[in-house]
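Notes follow once the structure below has been shown.
What follows draws every value from the coordinates through simple rules; no lab data is involved. Please read these numbers as outputs of a predicted model, since none were measured by experiment. Glycine also receives a Cβ, built like all others from the backbone with ideal geometry; neighbour counts cover every protein chain displayed.
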Amino acid sequence: MKSEKTYEQSGFKIKYPKKWKVKDAGPGYTAQFFTKRGMFESNLTIVIQDLSKDPSVPTLDEFIKDSVASIKQFEEDAKDIQVTNRTILNTPSKEIIYEGTSFTSDMYLKHLIVLTLIGERSVILNFSVEPEFFDEDVKIAEEMIETFELI
């Protein structure tokens, strides 16, 4: 990202392109960064959940298993679901890449989701875009994800 802004709120900090817009916390997310691309707004949605009141905090593998099950439940045409290891925030994490019709927008999208557990918090960074723009735009999303910090 050549030209960027820094968002610092809601317990985290991230850098994002100046041309992108931000939506602060809304139903189901902590913050969302987006730009108009094709028929859909390419976006990186961040969800940080406090699990301290959950009677049984899941392991990372349980968290991923539940996440993949949710994808299959809500996006019945989800395909090419790939789960790989990665690291964010110096913590073992998982990455899920898949395509499917979004239950929130009714558009066919490609997603990159990075998930991790840190202490009693879950962190989800979900990048969504129309498939034809994925290879180009995922580079920007990856740059953003690399700047993500909990504060």
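Listing for the model above:
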item	result
Links that overshoot a 18 Å alpha carbon limit, given the list 110/139; 18/139; 13/110; 36/139; 36/94	13/110; 36/94
Cα coordinate range in region 4-91, projected on the principal axes (Å, largest first)	38, 33, 27
Rounded to whole Hz, the Karplus (6.51, -1.76, 1.60) HN-Hα couplings of region 3-16, x for glycine and proline	10, 9, 10, 10, 9, 9, 5, 6, x, 8, 9, 8, 9, 8
3J(HN,Hα) from dihedral phi, region 42-54, Karplus parametrisation 6.51/-1.76/1.60, rounded to Hz, x for glycine, proline	4, 8, 10, 9, 10, 10, 10, 10, 7, 9, 4, 8, 6
Loop-located GluC sites (Glu not before Pro) in region 42-89 whose Cβ has at most 12 other Cβ within 10 Å (DSSP)	76
Neighbour cut-off at most 13 other Cβ (10 Å), DSSP loop, GluC sites (Glu not before Pro), region 97-151	120
Relative contact order for the chain, counting Cα pairs under 8 Å that sit 6 or more residues apart, in percent	24 percent
Full-extension gain in nm, residue 89 to residue 13, via 0.36 nm per residue minus C-alpha separation	26.2 nm
Distance histogram in 5 Å bins (all Cα pairs of the chain, percent per bin)	2, 9, 19, 23, 22, 16, 7, 2, 0
Gain on full stretching of the segment that runs from residue 132 to residue 104 - 0.36 nm per residue minus C-alpha separation	8.1 nm
Neighbour cut-off at most 11 other Cβ (10 Å), DSSP loop, trypsin sites (Lys or Arg not before Pro), region 46-87	53
Cα-based radius of gyration of region 6-48 once divided by 2.2 N^0.38 Å, which approximates compact folds	1.13
Theoretical gain in end-to-end length, residue 121 to residue 60 [0.36 nm per residue, Cα-Cα removed]	20.8 nm
FRET E, pair residue 24, residue 142, Förster distance 30 Å, beta-carbon r, rounded to 0.05	0.85
Local electrostatic count at residue 132 - Lys and Arg +1, Asp and Glu -1, tallied over other residues with Cβ under 12 Å	-3
Alpha-carbon centroids, region 1-41 and region 118-141: separation in whole Å	11 Å
Hz values of 3J(HN,Hα) by residue in region 101-111 - Karplus curve (6.51, -1.76, 1.60), Gly and Pro given as x	7, 5, 6, 8, 10, 6, 10, 7, 10, 10, 10
Fewest-first ranking of 16, 108, 29, using other Cβ atoms within 10 Å as the exposure measure	108, 29, 16
